[in-house]
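A short worksheet on the structure shown next.
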Amino acid sequence: MSVLIVGSVALDYLETPFGKMEQALGGSATFCSVSASYLTEDVRCVGIVGSDFPEEHIRFLTSRKIDLLGLVREAEGKTFSWGGRYHDDMNTRDTLYTELGVFEHFHPVIPEEWKKSEFVLLGNIHPSLQMEVLEQIEEPRLVVCDTMNLWINISKKELKAVLKKVDVLILNDEEARMLTDERNLIVAGQKMLRMGPKVVVIKKGEHGAVLMSKDSYFSAPAFPLEGIKDPTGAGDTFAGGFIGWLARTGDVSVANMRKAVVYGSALASFCVEEFSIDGIRALTPEQLAERFATFRTISSF
Ligand code: AMP
């Protein structure tokens, strides 16, 4: 089934204890779309890039069969760029800069033939842009929303308006605490469920992820990785895998969302093993299936 994904498409500057990378392909829509493309075929990407966006990246996204009809390519202006530096623990990072470029005046326009998209992933962008997307979509089966600390800090009101209209909210533990002013994640989860979403997924980095609905709780471990090089995009990759699995199966039950959490975690585990998008650039179905099976082994007792 179709998955419409909106978010940033970026050229990032990345710095981790394992090296640096300039002009790295990134952005929330990029990671989400590439990740979803491993699980479902009809992935539709909405975003914007500038004239500096390399053609090889377009070729790569197209090679993953990601439909770029909704990707605006501005003749002038620079692509959105984010610079991040990770601390030694690889969990915390500093944003070095955020250059909006062509994103500054961006308003997503959903192509007519995409307005009936069944699955919608509101990748991490300003909540008012996420709202603009929702206003253009007709009766989606499932809306999943990702966000980040920046929007919770500066646009909480707009974010809360979006949350009233989404089915699933995905965010990390720190963001959950910020959004709810609660230390305890269970209490925070319950509070978020009262904000609109029927399901909340809280990612806890190396400690896995939990999925909460009004009457259920599920906890998935993180894949036991030794070699993490660059965590950038792990959250987006998780979200793309999560919705990709739901779209592939057409089953939006909470029971199936447990599997979706594991697919999201499996894809995210590949993502962090290399810089930028490289960890999920060329995966085989066997690699993904193997990691999914390992999740089952390490969490069954
Ligand atoms: P994550 O590590 O999952 O938080 O995602 C990192 C990606 O998000 C990077 O590739 C950035 O280009 C992108 N990003 C960072 N800040 C923003 C922002 N304010 N709006 C949209 N995308 C962003």
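Only the coordinates and a few stated rules stand behind these numbers; no lab work does. Since this is a predicted model, take the numbers as computed values, not measurements. Every residue, glycine among them, receives a Cβ derived from its backbone with ideal geometry; neighbour counts consider all protein chains shown.
Taking chymotrypsin sites (Phe, Trp or Tyr not before Pro) across segment 6-70, the ones in a DSSP loop with at most 15 further Cβ atoms lying within 10 angstrom of their Cβ are F18.
Rounded to the nearest 20, the Cβ-based charge dipole of segment 183-282 about its Cα centre (Lys and Arg +1, Asp and Glu -1) stands at 600 debye. Taking amide H as placed 1.01 Å from N in the peptide plane, the amide H of I48 sits under 5 Å from that of V9, V72, each at least 5 places away or on another chain. Classify segment 119-275 from the C-alpha gyration tensor, please: rounded if a/c falls under 1.5, else prolate or oblate depending on whether a/b exceeds b/c. Rounded shape, in that the Cα axes give a/c under 1.5. Please report the antiparallel percentage of the DSSP beta bridges confined to segment 3-298, to the nearest 5. Percent antiparallel among DSSP bridges in segment 3-298 is about 40.
Taking every full run of DSSP H in the chain, the ones that stretch at least 20 Å from end to end by Cα along their long axis and average 0.5 or higher on the Kyte-Doolittle scale are 254-271. For segment 175-270, the set of GluC sites (Glu not before Pro) satisfying both a DSSP loop assignment and a count of at most 11 other C-beta atoms within 10 Å is given as E226. Largest GNM mean-square fluctuation among D146, D88, D236, using the chain with Cα springs under 10 Å: D88. Distance from the Cα centroid of segment 30-96 to that of segment 126-167 is 19 Å (rounded to whole angstrom).
Taking the convex hull of the alpha carbon atoms in the chain, what volume per residue do you get, in Å³?
Taking only Cα atoms, the chain has a hull volume of 121 Å³ per residue.
Neighbours of G27, meaning other residues whose beta-carbon lies under 11 angstrom from its beta-carbon, give a summed charge of -2 when Lys and Arg score +1 and Asp and Glu score -1. For the listed peptides 208-216, 248-256, a ranking on the average number of other beta carbons within 10 Å per residue, highest first, reads 208-216, 248-256. Pairs from the list K78/K156; K115/K203; K20/K229; K191/K214; K78/K160; K204/K229 with a Cα-Cα gap above 20 Å: K78/K156; K115/K203; K78/K160. Relative to its residue count, segment 1-100 spans a Cα convex hull of 104 Å³ per residue.
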